[in-house]
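What follows is a short report on a single structure.
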Amino acid sequence: MIKRWFVTGTDTEVGKTVASSALLQAANSAGYRTAGYKPVASGSDMTAEGLRNGDALALQANSAVALSYEEVNPYVFAEPTSPHIVSADEGRPIELARLSAGLRHLEQRADWLLVEGAGGWFTPLSEQHTFADWVQREQLPVILVVGIKLGCINHAVLTAQAIRQAGLPLAGWIANDVTAPGRRHQEYLATLRRMLPAPLLGEIPHLPQPERQALGAYLDLSLL
């Protein structure tokens, strides 16, 4: 049976890709054939191979299945802004059917699929649809990444409520130490544990260059 997960964050720049890499590494260690999917990415650089997004490259590198860049990231944009703005500006509308087609393709190749969103839960993909609309259409269980910093409790609780209101399971959450822990760090974690209706899968510590670290051991996939 294929396991599928959608990774969202309380905001942009909270470490979704760090957490996604950790999840893929942990699933690899558990023996799954994993595939990471970043259907929409903005903020990318031109390379000899074409436009490439760093988050998508990290998912590609941490997938157990060998995937082409296009399989991982069908919609890639250079400008680091909301996808609905840059796609309209470039005349390249983001079609939900194409996102789903990419997911169907990966379901034929892997048995553990991780889909990473863009920005937060309600990131718009067009004037009509948000990323949340597509996740609801696909009925994907959600893993929430919480960047531990001032304001994270409110953002985490609001996001969890929105996920549940969409009729989707919040499968778990990950605490990502985006800054060095302050003196109230443990109190933040205790509050989040109490207020979020899902298990804490693990805490990723504040690390130099986390994308180059072995991260899977910080998470407990048995809680999913």
### Message
Quick check: net charge around Thr10, other residues with Cβ under 11 Å of its Cβ, Lys/Arg +1 and Asp/Glu -1?
### Response
0
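At a 10 angstrom cut-off on C-beta neighbours, averaged per residue, how do the peptides 60-66, 44-50, 217-223 rank from highest to lowest?
60-66, 217-223, 44-50
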#### Entry: Stretchable slack from Thr47 to Arg137, in nm (0.36 nm times residue separation minus alpha-carbon distance)
29.0 nm
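Under a point-charge model restricted to the Cβ atoms of Lys and Arg (+1) and Asp and Glu (-1), what is the dipole moment magnitude of the chain relative to its Cα centre, in debye to the nearest 20?
For the chain, the charge dipole is close to 700 debye.
Figure the gain on full extension for Arg183 and Ser222 (residue separation times 0.36 nm, minus the Cα-Cα span) and round it to one decimal in nm.
Working: separation 39, 0.36 × 39 = 14.04 nm, distance 3.02 nm.
Residue separation times 0.36 nm, minus the Cα-Cα distance, leaves 11.0 nm.
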### Query
Expressed as a whole number of Å, what is the distance separating the alpha-carbon centroids of segment 71-85 and segment 113-159?
16 Å
### Query
Of (i) 47, 38, 34; (ii) 43, 41, 36; (iii) 57, 42, 38, which is the value of Cα extents along the principal axes in Å derived from the coordinates here?
(i)
### Message
Using the Cα centre of segment 1-111 as the reference point, and only Cβ charges (+1 on K/R, -1 on D/E), how large is the resulting charge dipole? Debye, rounded to the nearest 20.
### Response
520 debye
### Task
Calculate, for segment 1-110, the solvent-accessible area per residue in square angstrom, rolling a 1.4 angstrom probe over the heavy atoms of the protein chains.
44 Å²
### lysines whose Cα lies under 30 Å from that of Lys3, excluding same-chain neighbours fewer than 8 positions away
Lys16, Lys38
### Query
In percent, what relative contact order does the chain have, based on Cα pairs under 8 Å that are 6 or more apart in sequence?
27 percent
### Query
Under 15 Å from a point 7 Å along the Cα-to-Cβ line of Thr81: which residues of segment 106-138 have their amide N that close?
124-127
### Query
Under the Karplus relation 6.51 cos²θ - 1.76 cosθ + 1.60, θ = phi - 60°, what is the ordered set of whole-Hz ³J(HN,Hα) values for segment 207-224, x standing for Gly and Pro?
10, x, 6, x, 5, 9, 9, 7, 10, x, 5, 7, 10, 10, 5, 5, 7, 6
### Summary
So the FRET efficiency between Thr191 and Gln161, C-beta based with R0 = 22 Å and rounded to 0.05, is 0.90
### Task
Can you check what the net charge comes to around Pro199, using other residues whose Cβ is under 10 Å from the Cβ of Pro199 (Lys, Arg +1; Asp, Glu -1)?
0
### Query
Label points 7 Å out from Cα along the Cβ direction at Leu150 and Gln128: separation in nm?
4.3 nm
### Task
Obtain the nm distance between the two label points defined at Ala88 and Asn28 by a simple spin-label model: each point lies 7 Å from its Cα along the Cα-to-C-beta direction.
3.9 nm
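Local charge sum around Glu49 (other residues, Cβ-Cβ under 15 Å, Lys/Arg +1, Asp/Glu -1)?
Charge balance in the 15 Å sphere: -2.
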#### Entry: Cut-off under 5 Å, modelled amide H: who pairs with Trp121 long-range
Gly9
### Query
What are the residues whose amide H is under 5 Å from the amide H of Glu79, where those residues sit 5 or more places off or on another chain and H is modelled from the backbone?
Gly43, Ser44
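The values are calculated or read from the model by the stated rules, or taken from the named source; none is laboratory data. Just so we're clear, the structure is a prediction, and the values are computed from it rather than from any experiment. Neighbour counts are summed over all protein chains in view; Cβ atoms, including those assigned to glycine, are modelled from backbone coordinates with ideal geometry. Only protein heavy atoms, including side chains, enter the accessible area calculation; ligands, DNA and RNA are left aside. Shrake-Rupley method; radii C 1.70, N 1.55, O 1.52, S 1.80 Å.
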